[in-house]
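*Asks:* Encoded as structure tokens, here's the structure I'll be asking about.
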Amino acid sequence: MCGIVGYIGHRQAYNVIINGLKRLEYRGYDSAGICVLNGSSQLFKCKGKVSDLENHIKGKPLEGTIGIGHTRWATHGEPNDVNAHPHVSMNGIFTLIHNGIIENYSQLKTKLENRGYKFTSETDTEVLVNLIEYIYEKGNVTAEIAVRLALTKVVGAYGLAILCHNEPNTLIAARKGSPLVIGVGEDEYFVASDATPIVEYTNSVIYLNDNDVAVIKRGELTLKTIYNESLQPNIQTLDLDIEEIEKGGFDHFMLKEIFEQPRSIHDTFRGRISPHLDEIHLGGLYHVLPRLIEAKRIIIIGCGTSWHAGLVGEYLLEELARVPVEVEYASEFRYRNPIIYKDDVVIAISQSGETADTLAAIRLARKAGALVLGICNVVGASIPRETDAGVYTHAGPEIGVASTKAFTAQVTILTMIALLLGWRKGYLSPEKYKELIKEITLVPEKIEKILGSNDKVIKIAEIFSKTTNFLYLGRGYFFPVALEGALKLKEISYIHAEGYPAAEMKHGPIALIDEKMPVVVIAAKDGSYEKVVSNVQEVKARKGVVISIVTEGDTLIREMSDYVLEIPKAHEIVESLLAVVPLQLLAYHIALMRGCNVDQPRNLAKSVTVE
Ligand code: G6P
């Protein structure tokens, strides 16, 4: 949530910052702003996207080699020009951009108001910038000390980049709860919410930890905690290609990421399955495997699409490894005083590795003594750094706000974990183990085939692009797929869509069905196929319009359906990976036909670093 870019060096800061903000727009796009120092401060900000900011600035060149920029996902205060970042302190000494929430902002604001401070915006950020200025002036201290002292008074989360107009060759960055990465170049430094704005300039990065403050002067970086303890910067090498964060000829990142799935899934299992298909190696779990095998219970936590992947994981782990699994929304789990045993294993699933609720939930689980594992996509993010062990999905950067390839990568990892445990616990014969491993390796080419039916999906999308409601039904492994299909549609097309277990339909949603209600039924051949046939009949009996996802060659459901999309034959443990793809495409095309911004749907952000 909210994207931050800062630069100090020999380049024109404006270009670095605007390009960086465009890369970070997936984090929020309610408003954008920039400040570049060059003798005086040049600050522009406005409601809307980074392109609106560029239009706003046109003809007013921002010269200077130090600056900060922000793209906002609003928390405190509606998206408008005034609430946009950067925020400037009352006496104009500090300019600041912020990602996160200052929870005690109203107490701090009252104190500052009592000391004569006036506020123009409704944001918590303006309180922080004024607190820093107040300490700076009152204490007659340096900018660094004022920032550190102010941050000791703050409750909440922040990623910050700060300029002080009295110290025009200093850029200060600080982190607690919200991610920040520093890029280290030749006599230049970059600050950003993630590495995507940095990768085209340098692959040397420092990931800030909570309570870290980086004071960057030209050609010199000092790292401390907010309590003034010196730290040794840990410079790491970034493994990210610039091509991976470009659209590569596709109209949208979402479409590119849907079409990347054969490759991304291959990257997820590559090197982790032996050439003879008789072993799964998950190096990240190696030293915790005995404890995982012994686990009496596995708790999977996640949010959004990652939670849906967790539900597929529940079915897989219970089926193959015979271990009880609970799947929890991180936001519910962390606040309801959950019972966590020392011999529980908690698996946190997160594409970004930064989701605030998931991060808080794993801290809780670790405190309770559980073994905490992560399944994350972004290397070096907070969740992988705060878990005992884990597996990266290696799906490559996912930029479209609606998650697609991250979901299939997460499910691929969960399938491998379930198979590995099932094998090690003796529930799978060597033949069965091998047969099921092979099923994973066949998924990429099967998805390739599904992607070949894109035109068919477009035709169906044309018919339903004006619809206002959708129902998605599935049983077993396809129930989470139904949830995910419905989520994709509502996220990007703003059509109301509900995912439901097919058998539960008769306990409520069946009342909604009439000739205007499209019902997407995931009805591929699996253990519950016969039951789904009955559910489709129930829909048809009420004149519902059925769009079914069936296995190639199916005739029974095809005859009952109004529209049909096929997926290749596969074992049911990998079928969710296949069935979700046509639903991703359907949501994409419907959203496009409705004129929606597919990559940046309204009100959403990709990385939710607020609670
Ligand atoms: C946001 C995104 C979703 C994502 C969810 C969890 O809501 O828009 O696409 O599924 O956060 O994110 P995570 O990074 O933890 O998987």
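The values are calculated or read from the model by the stated rules, or taken from the named source; none is laboratory data. Note that the coordinates shown come from a computational prediction; the quantities given were computed from them, not determined experimentally. Here Cβ is always computed from backbone atoms with ideal geometry, including for glycine, and neighbour counts include all displayed protein chains. Areas reflect the complete protein model, heavy atoms only, side chains present, ligands, DNA and RNA absent. Shrake-Rupley method; radii C 1.70, N 1.55, O 1.52, S 1.80 Å.
*Asks:* Give region 444-483 a look and list any residue that's within 24 Å of Asp267 (Cβ to Cβ) and in contact with a Ser or Thr (Cβ under 6 Å, 6 or more places away or on another chain), or say none.
*Replies:* Tyr477, Val481 - these are the residues of region 444-483 that are within 24 Å of Asp267 (Cβ to Cβ) and in contact with a Ser or Thr (Cβ under 6 Å, 6 or more places away or on another chain).
*Asks:* Okay, moving on. Restricting attention to region 267-292, and to residues there that are open to solvent by 20 Å² or more (accessible area, probe 1.4 Å) and part of a helix (DSSP H, G or I), which single residue is farthest from Gly422 (Cα to Cα)?
*Replies:* Looking at residues that are open to solvent by 20 Å² or more (accessible area, probe 1.4 Å) and part of a helix (DSSP H, G or I), I get Asp267.
*Asks:* Please enumerate the residues belonging to region 331-352 that are at pLDDT 95 or above and in contact with a Cys (Cβ under 9 Å, 6 or more places away or on another chain).
*Replies:* Correct list: Ala348, Ile349, Ser350, Gln351.
*Asks:* Would you tally the residues in region 18-41 being in contact (Cβ under 8 Å) with a residue 60 or more places away in the chain, among the hydrophobic types (A, V, I, L, M, F, W, C) and open to solvent by less than 10 Å² (accessible area, probe 1.4 Å)?
*Replies:* Of the residues in region 18-41, 3 are in contact (Cβ under 8 Å) with a residue 60 or more places away in the chain, among the hydrophobic types (A, V, I, L, M, F, W, C) and open to solvent by less than 10 Å² (accessible area, probe 1.4 Å).
*Asks:* Okay, moving on. So Ile301 fits all but one of (1) within 16 Å of the ligand (Cβ to nearest atom); (2) open to solvent by less than 30 Å² (accessible area, probe 1.4 Å); (3) part of a helix (DSSP H, G or I); what number is the exception?
*Replies:* Of everything listed in (1) within 16 Å of the ligand (Cβ to nearest atom); (2) open to solvent by less than 30 Å² (accessible area, probe 1.4 Å); (3) part of a helix (DSSP H, G or I), Ile301 misses just condition (3).
*Asks:* When residues of region 241-266 are filtered for being part of a helix (DSSP H, G or I) and more than 19 Å from Asp194 (Cβ to Cβ), how many remain?
*Replies:* Of the residues in region 241-266, 8 are part of a helix (DSSP H, G or I) and more than 19 Å from Asp194 (Cβ to Cβ).
*Asks:* Could you say which residue among Thr75, Thr95, Thr123, Thr71 is more than 27 Å from Thr222 (Cβ to Cβ) and in contact with a Leu (Cβ under 6 Å, 6 or more places away or on another chain)?
*Replies:* Checking each option against the conditions leaves just Thr71.
*Asks:* Can you spot a residue in region 310-327 that is at pLDDT 95 or above, open to solvent by 20 Å² or more (accessible area, probe 1.4 Å) and within 15 Å of the ligand (Cβ to nearest atom)?
*Replies:* yes
*Asks:* What residue, among those in region 96-119 that are crowded, with 24+ Cβ neighbours inside 10 Å and not aliphatic (A, V, I, L, M), is modelled with the highest pLDDT?
*Replies:* The qualifying residue modelled with the highest pLDDT is His98.
*Asks:* Assess whether Pro430 counts as being open to solvent by 30 Å² or more (accessible area, probe 1.4 Å), away from the ligand (no atom under 13 Å from the Cβ) and in contact (Cβ under 8 Å) with a residue 12 or more places away in the chain.
*Replies:* So Pro430 passes the test.
*Asks:* Let me ask you something else. Restricting the search to region 360-386, which residues are free of Cβ contacts under 8 Å to residues at least 40 places away in the same chain, more than 13 Å from the ligand (Cβ to nearest atom) and either closer than 19 Å to His308 by Cβ or open to solvent by 10 Å² or more (accessible area, probe 1.4 Å) (or both)?
*Replies:* Hits for region 360-386 are Arg363, Leu364, Arg366, Lys367, Ala368, Gly369, Glu386.
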